[in-house]
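The values are calculated or read from the model by the stated rules, or taken from the named source; none is laboratory data. It should be emphasised that the depicted structure is a prediction, and the values quoted were computed from it without experimental measurement. Please note: Cβ atoms are built from the backbone with ideal geometry, for glycine as well, and neighbour counts cover all protein chains shown. When the accessible area is computed, the model is the full protein with side chains, heavy atoms only, and any ligands, DNA or RNA have been set aside. Shrake-Rupley method; radii C 1.70, N 1.55, O 1.52, S 1.80 Å.
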Amino acid sequence: MAKTPNDPRKEIDTLLDERRTFVPPKEFSDVANVSDPEIYDRAGADPEAFWESFAHELEWSEPWSKVLEWNPPNAKWFVGGKINASVNCVDRHVRTARRNKAALIWEGEPGDRRTLTYFDLYREVNAFGGVLKSLGVRRGDRVALYMPLVPELAIAMLACARIGAVHSVVFGGFSAESLRDRINDAEACVLVTADGGYRRGQVVPLKQMADDALRETPSINHVVVVRRQQHDPLPVTMQPDRDYWYHELMMKAPSACEPEEMDSEDLLYILYTSGTTGKPKGIVHTTGGYLVGTYATTKWVFDLKEDDVYWCTADIGWVTGHSYLVYGPLANGATAVMYEGAPDWPAQDRLWEIVERYGVTIFYTAPTAIRAFMRWGTKWPAKRDLSSLRLLGSVGEPINPEAWMWYYEHIGRQLCPVVDTWWQTETGAILITPLPGLTTLKPGSASHPFPGITAEIRTADGQVVTEGGGLLAITKPWPSMLRGIYGDPDRFIQQYWSQWSDGMYFTGDGAKLDADGYFWLLGRVDDVLNVAGHRIGTMEVESALVDHSAVAEAAVVGRTHEIKGQAIAAFVTIREGVSSSDELIENLKSHVVKKIGAIAKPDLILFASDLPKTRSGKIMRRLLRDIADGKTLGDTTTLADPSVVARLQEDYADEQG
Ligand code: PRX
């Protein structure tokens, strides 16, 4: 198969040939949290004891009686232990010298700034916990959070955790319909939102969008609205006895709210993510194991020290924000930077300005952002003092070696190790990653499973591959693993535990092991796209397109994109009597945005008189992917009507024309 210059696999192959490696700088490894290679063997020999040693560093109101109860695919970690996540993220630091340490350093896109110490956070979390209780939220109830990246989002999550409620954060870029579906699936009783949020100088009218969703969410009793805009507020309609301003409720809130004693296996949160069907899955995480996993990985992967200024650029609407902006760093008592807006607003050095202003030492972002920085040019980071940085991280998609090298040279000044961390919403915490004081880095490889984690490359029928490519499996349970799909136990088993007969966790990713035992992640092998580090199901986009009255049939595939990694290409067959036009293309794009959100907007829509199908009627996505990438087509002999492909290719050539 022909390869385009952007194909990450080609670059990986080239790099494997070059065998270019980077040993941790001595100054780094001398003082690193982990520098003893024996740790892998020790953790591998007794993973339960390994994880238990981290659990002992957290605060439990009652100890566990057993580390792990494993009835595949159901795991219970720290069985019988009682713990509260907000106590671990806030209260226990308030009792130490960290009381007045900055917990969150926040910057809004327009330039407003706020720092919350651990004691500030303690007061806010207590107060909002009391507010939620006064609105009738009880232990086990679900609370939906649809907010910009403001401190109140972290406060609301921790307040839910404090009173034993389950939070379900819905990314502020999702549409009203997506919000509605997630609220209904979880049967949330309260929604916390904001009047708006800032993105690239524009206001995203979150409350207005929430109002659209709330027309069809019978479980919601109350809505709390954070006033984000100080100067020029968007008009916001408040429904009496249902909607309340956050700041008004907080003024009347009690100052203390006792934390609920939660079982280690009680639900902490639900987070929806895309899968291979049209309906997103509510990934369920519980309390004890999740905290242990995020605590341990934050401490070791990011080599976190007391005086670090740590910045993960992810939005809390995604799992990276949950685990590495809220729970992991706060459980460690770290100082975390939080920035609301776009990286190029007002200029393309905004992130570097923030690094300079706060003396950020650890910086964690996505390859798509790094590729955008590359495009913008080195003059932007060069304008700023980045000398405080000592460690860089990457997450969300395969990082192409070129982007890795650029990051290493222009942001890390060739001094900072780069940790390429592989994990998923389902895994809760990082599973495959370098340890920065220990691992010899290969650009483009996430290197090795974290100590205590065992991963394998397998063929589709379960043979273990010791060198070469295949499917990525995780072979033993780990503390922060998902405990299910909310309300859908069958899908949980079918999706993750049915690929192989021995019931190992199937990640949905392809990967390759090189001769030195390094893992190279190659992207999804299922019908899930990774667009700018965000997971989008092809079926979701297809359902949104087919929902439009002009569309008879749609097939969605990923096409290679220089910055986003993948972009969405849609092949659409329109109904008889409808004529194709540029206007219809724009209408269809807007329709997808309305149904899902701007992140799912197709990059390319191509009208097709027919879609290529096998004789049994299955759409041949492989061919569509090749057409969308402008590649030479592979075997078409199984096609019912080979002329369909020729016509599609002609249409594509005209479109690109
Ligand atoms: O395909 C893998 C890719 O992102 C998927 C998980 O997406 P999500 O649940 O949204 O979580 C993203 C943040 C953890 C994985 O199945 N992925 C994530 N990290 C990497 C990656 N692919 C390659 N290298 C990575 N470091």
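A few comments on the model shown:
- Residue in the stretch 276-287 that is under 27 Å from GLY333 (Cβ atoms) and more than 16 Å from the ligand (Cβ to nearest atom) present: yes
- All of ASP527, ASP509 fail the test of being touching a Leu at 6+ places or on another chain (Cβ under 8 Å) and within 16 Å of the ligand (Cβ to nearest atom), apart from ASP509.
- Scanning the stretch 391-415 for residues that are in contact (Cβ under 8 Å) with a residue 60 or more places away in the chain and open to solvent by 60 Å² or more (accessible area, probe 1.4 Å) yields a total of 2.
- Test: residue in the stretch 307-321 that is open to solvent by less than 10 Å² (accessible area, probe 1.4 Å), more than 30 Å from ALA32 (Cβ to Cβ) and within 16 Å of the ligand (Cβ to nearest atom): yes
- Flag for GLY328 being out of contact with any Leu (no Cβ under 8 Å at 6 or more places or on another chain) and either within 22 Å of ASP112 (Cα to Cα) or in a loop (DSSP other than H, G, I, E, B) (or both): no
- Enumeration of residues in the stretch 24-42 that are farther than 16 Å from SER447 by Cα, hydroxyl-bearing (Ser, Thr, Tyr) and in contact with a helix residue (DSSP H, G or I) (Cβ under 8 Å, 6 or more places away or on another chain): none
- Any hit, the stretch 454-474, residues being assigned to a loop (DSSP other than H, G, I, E, B), touching a Leu at 6+ places or on another chain (Cβ under 9 Å) and within 16 Å of the ligand (Cβ to nearest atom): no
- VAL541 crowded, with 20+ Cβ neighbours inside 10 Å and touching a residue at least 60 places away in the same chain (Cβ under 8 Å): yes
- Among the candidates PRO443, PRO451, residue that is away from the ligand (no atom under 14 Å from the Cβ), surrounded by fewer than 24 Cβ atoms within 10 Å (Cβ to Cβ), under 23 Å from the mean Cα position of the chain (by Cα) and in a loop (DSSP other than H, G, I, E, B): PRO451
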